[in-house]
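Enquirer: Here it is: the structure, laid out below.
The values are calculated or read from the model by the stated rules, or taken from the named source; none is laboratory data. Please read these numbers as outputs of a predicted model, since none were measured by experiment. Neighbour counts are summed over all protein chains in view; Cβ atoms, including those assigned to glycine, are modelled from backbone coordinates with ideal geometry. Accessible surface is based on the protein model in full, side chains and every heavy atom, while ligands, DNA and RNA are left aside. Shrake-Rupley method; radii C 1.70, N 1.55, O 1.52, S 1.80 Å.
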Amino acid sequence: GARVFVVDALDKVEAASGRMIPQRDETYRSANHLWSAGERKVRLFAGRNEFIAFQFILEGKIEGLRASLVFEGQPEETRQAVRAKLSRARHVGAAGMMLPDPLLPHTGAIALPARDEAIPGQRFASFLAEVYVPHGAPAGSHAGRLVLEHGDEHLEIEIDLRVWNFTLPDYLSFIPQMNAYSLPDLPAERDYYRLAHEHRVCLNRLAYNWAGHVRKGFVPETSGGTVDWSAYDARFGPLFDGSLFADLPRGNVPVEAFYLPINENWPVAIETGFRGGYWAEQALTDEYRRNFIRSCRSFAEHFAARGWHETFFEFYLNGKVFFKERGWEVCSSPWVFDEPVNTQDFWALRWYGSAFHEGVFPITSATPLRFVFRADISRPQWQRDILAGVLDINVVSGAFHQYQRVVMDRKLAHGEVLYHYGSSNPVDRSNVQPAAWCIDAWTRGADGVLPWQTIGNDASWTTGDALSLFYPGKPAGIDGPVPSIRLKSYTRGQQDVEYLTLLAQATGHSRWTVAAAARQALRLEGTFEKKTESDAGLVDFGKLDPADLWALRLRLGAMLDQLAPAPKRRLIELRTPARDMSALPPMSTP
């Protein structure tokens, strides 16, 4: 009573009409870059330590269908056995359509139409079949089967998996950083970090609000002048030493980035040190600066003593003075720190960045500790050289496309780590966007991408929400978070960048040579879209097709299979890991 066909993991099939995004003709259901209906076969290719996936689509009406995905003849040892799992897509409303996005673990029998969705006229249901190739899997062919059973009926689809002779690194050489402003309390908080780690992305939650008030539990406890780090260490230590992730595919690799709670209002209250004015060194007292420096140093001393050396601990200022329009108490910032506008805003960032480095330099110069100053810049053309020698992590908006040369000149001159920030694709647009964005950013010289918000809410389950890369599971009866298909696209893009990085390392070609070839192969031309001045913007890749990304992977994978490069334990590094402020010219008002 149902038809079955296979499509790319990044394709999208509307629940009632079967319309596909991107648009496909009828022949695509019978044969495409993954699938031959005539042979009843799916062909997959992957390196070791890689996730690869496809969707199978059911069309029609059916009740009590059972589905399983197995790879037979696998070694019993877990680290060598190919792992497979099935997920069912739930649908959300967007642009008058019901489109798949959140992914639920597949359990029990399948009913179409789905019993828990009640979609008018539903004829199509989407399922994700995901395969993970562990580090120890032997190269060569691995045979699997997707089996669908209904009463006495039995449909078997062959899975031909070719494992290439190379391994993707556990340590990311390109970081999709998932920005967040809130998470559930413990223990559910850890499930979000684990889900991100498994998907080869880094979740990073801001620890304070616009008023500079740090959330409970994000700072050590103090009593009578004594600082007690025990609760803080118990909560966050497993993220920083990687023990929280020991059983996941990448093992005990710590989180790549983590916001420090330090801001203009904590641990030193801004009202104690602000005497008025718009130039920072005139507006802020010497005592405020000394206390701020002392506080930064105490954090660095503790983190260094704990041996947390592999995470970028980011000092980042998020306030904007014009938020005071909503009430004076709403915002503690006297300047526009996030996306600075005026020269005085950039100047204030320099003041805080240099004070931060003055505090932590005795520690960062003597240990591998990675305490860094980060700023989010939407107007690099107005930055001039104000942040030169102070900024470590440069997070640039879509203006990166227009001002790529000036941004890259600063990166190379000052040893910065560079992210491109923006938005993820809306639910009603192609899921190729996150993967293509990763590739586009890497080929332009960036070290990562940063969607500005990634955590959905209960309403995200019904109304399409571009920000909901992680869905809260409670509305679907799930403990913990649920991934979106768009999160899988970030995984795909991150892994594709690892292919490009491995190829450059294995051949000795420069990153720019490999990048130019990749852009030419994909005909990669991103267009930056921005609705308002405050909009983070979206990079759109027009008619780029999931099949184009698949073809590039096959070309790269075939080359790497022949080269068989050894995996490298690689961290993204600052070229100047410790900033000595005494080496910079003294600050003086322009």
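Enquirer: Determine the distance separating the Cα centre of region 374-423 from the Cα centre of region 522-584; give it in Å without decimals.
Expert: 16 Å
Enquirer: Which whole-Hz couplings ³J(HN,Hα) result when phi for each residue of region 484-494 is put into the Karplus expression 6.51 cos²θ - 1.76 cosθ + 1.60, θ = phi - 60°, listed in order with x for Gly and Pro?
Expert: Along region 484-494, the couplings run 9, 5, 5, 5, 4, 5, 4, 4, 4, x, 4 Hz.
Enquirer: For region 1-56 and region 290-310, what is the separation of their C-alpha centers, rounded to whole Å?
Expert: 51 Å
Enquirer: Which value, in Å² and to the nearest 10, is the accessible area of Tyr192 when all protein chains are kept and the probe is 1.4 Å?
Expert: For Tyr192, the solvent-accessible surface is approximately 10 Å².
Enquirer: Let me ask you something else. Using 0.36 nm per residue of separation minus the Cα-Cα distance, give me the extension gain between Leu554 and Lys216 in nm, one decimal. Walk me through the numbers on the way to the answer.
Expert: On the way: separation 338, 0.36 × 338 = 121.68 nm, distance 4.83 nm.
Result: 116.9 nm gained on full extension.
Enquirer: Modelled label-to-label distance, Asp116 and Val330, 7 Å Cα→beta-carbon offset: nm?
Expert: Distance between label points: 3.8 nm.
Enquirer: Just to check I understand the Karplus step: with θ = phi - 60° and J = 6.51 cos²θ - 1.76 cosθ + 1.60, what whole-Hz values come out for region 353-368, glycine and proline as x?
Expert: So the J values, rounded to whole Hz, are x, 5, 5, 4, 5, 4, x, 8, 4, x, 8, 5, 7, 10, 9, x.
Enquirer: At q = 0.12, 0.17, 0.21 Å⁻¹, what is the log10 ratio I(q)/I(0) for region 1-55, with the Debye formula run over Cα points and no solvent?
Expert: Rounded to two decimals, the profile gives -0.31, -0.60, -0.85.
Enquirer: Which residue, Ala506, Ile439, Ala280, has the largest displacement toward the positive end of the dipole of the chain when charges sit on each Cβ (Lys, Arg +1; Asp, Glu -1)?
Expert: Of the options given, the answer is Ala506.
Enquirer: What distance in nm separates the two pseudo spin-label positions at His106 and Ser36, each 7 Å out from Cα along the beta-carbon direction?
Expert: 2.3 nm
Enquirer: Give, in nm to one decimal, the length gained when the segment between Arg575 and Asp25 is fully stretched (0.36 nm per residue of separation minus the Cα-Cα distance). Could you put the intermediate results ahead of the total?
Expert: Details: separation 550, 0.36 × 550 = 198.00 nm, distance 5.00 nm.
Stretched out fully, the Arg575 to Asp25 stretch lengthens by 193.0 nm.
Enquirer: So what is log10(I(q)/I(0)) for region 158-200 at q = 0.25, 0.29 1/Å, when the Debye sum runs over its Cα atoms only?
Expert: Calculated log10 I(q)/I(0) at the listed q: -0.97, -1.11.
Enquirer: When the Cα atoms of region 106-256 are enclosed in a convex hull and the volume is divided per residue, what value in Å³ results?
Expert: 204 Å³
Enquirer: For Arg384 and Phe322, what is the calculated FRET efficiency with R₀ set at 30 Å and r taken between the beta-carbons, to the nearest 0.05?
Expert: So, using R0 = 30 Å, E works out to roughly 0.85.
Enquirer: Please identify every one of the GluC sites (Glu not before Pro) in region 527-590 that sits in a loop by DSSP and has no more than 13 other beta carbons within 10 Å of its own beta carbon.
Expert: Glu533, Glu573
Enquirer: Then there's this: Let's test the formula: R0 of 45 Å, r as the Cβ-Cβ distance of Ser223 and Ile478. What FRET efficiency results, to the nearest 0.05?
Expert: 0.70
Enquirer: Multiply the residue gap between Glu198 and Ser182 by 0.36 nm, knock off their C-alpha separation, and tell me the result in nm, one decimal place.
Expert: Working: separation 16, 0.36 × 16 = 5.76 nm, distance 1.99 nm.
My answer for the length gained is 3.8 nm.
Enquirer: Just to check I understand the Karplus step: with θ = phi - 60° and J = 6.51 cos²θ - 1.76 cosθ + 1.60, what whole-Hz values come out for region 535-545, glycine and proline as x?
Expert: Rounded to whole hertz, the list is 6, 5, x, 9, 8, 9, 10, x, 9, 4, 9.
Enquirer: Right, here's the next one. Find the Cα radius of gyration of region 177-304, compare it with 2.2 N^0.38 Å by division, and give the number to two decimals.
Expert: Cα-based Rg divided by the globular estimate yields 1.22.
Enquirer: Could you give the Stokes-Einstein D for region 226-359 in µm² per second, using the C-alpha Kirkwood radius, 20 °C, 1.002 mPa s?
Expert: 130 µm²/s
Enquirer: What's the percent breakdown of Cα-Cα distances in the chain across 20 Å bins, shortest bin first?
Expert: For the chain, the pair-distance distribution reads 20, 53, 24, 3, 0.
Enquirer: Which FRET efficiency, nearest 0.05, do Leu412 and Glu287 yield, Cβ-Cβ r, R0 35 Å? Walk me through the numbers before you get to the answer.
Expert: Numbers: r = 38 Å, r/R0 = 1.09.
For R0 = 35 Å, the calculated efficiency reads 0.40.
Enquirer: Further question: Just need log10 I(q)/I(0) for region 292-405 at q = 0.10, 0.13, 0.21, 0.22 Å⁻¹, Debye formula, equal scatterers on the alpha-carbon atoms, no solvent, rounded to two decimals.
Expert: Results for region 292-405 at q = 0.10, 0.13, 0.21, 0.22 Å⁻¹ read -0.34, -0.56, -1.11, -1.16.
Enquirer: Can you give the alpha-carbon Rg of region 296-350 over 2.2 N^0.38 Å, where N counts its residues?
Expert: 1.51
Enquirer: In nanometres, what is the gap between the two model label sites at Arg511 and Arg3, each 7 Å from Cα along Cα-to-Cβ?
Expert: In this crude label model, Arg511 to Arg3 measures out at 4.6 nm.
Enquirer: Next question, about the same structure. Under the classification rounded if a/c is under 1.5, otherwise prolate if a/b is larger than b/c and oblate if not, where does region 443-590 fall, given a ≥ b ≥ c as square roots of the Cα gyration tensor eigenvalues?
Expert: In terms of gyration-tensor shape, oblate.
Enquirer: Could you list the residues of region 73-104 with an amide nitrogen less than 19 Å from a label point located 7 Å from the Cα of Ser17 in the Cα-to-C-beta direction?
Expert: Backbone N within reach: 91-101.
Enquirer: Moving on. Could you compute how fast region 213-256 diffuses translationally, taking Rh as the Kirkwood radius over C-alpha pairs and applying Stokes-Einstein at 10 °C with viscosity 1.306 mPa s? Give it in µm² per second. If you can, show how the numbers build up before the last one.
Expert: Working: Rh = 11.7 Å.
Translational diffusion coefficient: 135 µm²/s.
Enquirer: Treat every Asp and Glu Cβ in the chain as -1 and every Lys and Arg Cβ as +1, leave all other atoms uncharged, and give the resulting dipole magnitude about the Cα centre to the nearest 20 debye.
Expert: Numbers: 64 positive and 70 negative charges, 159 e Å.
For the chain, the charge dipole is close to 760 debye.
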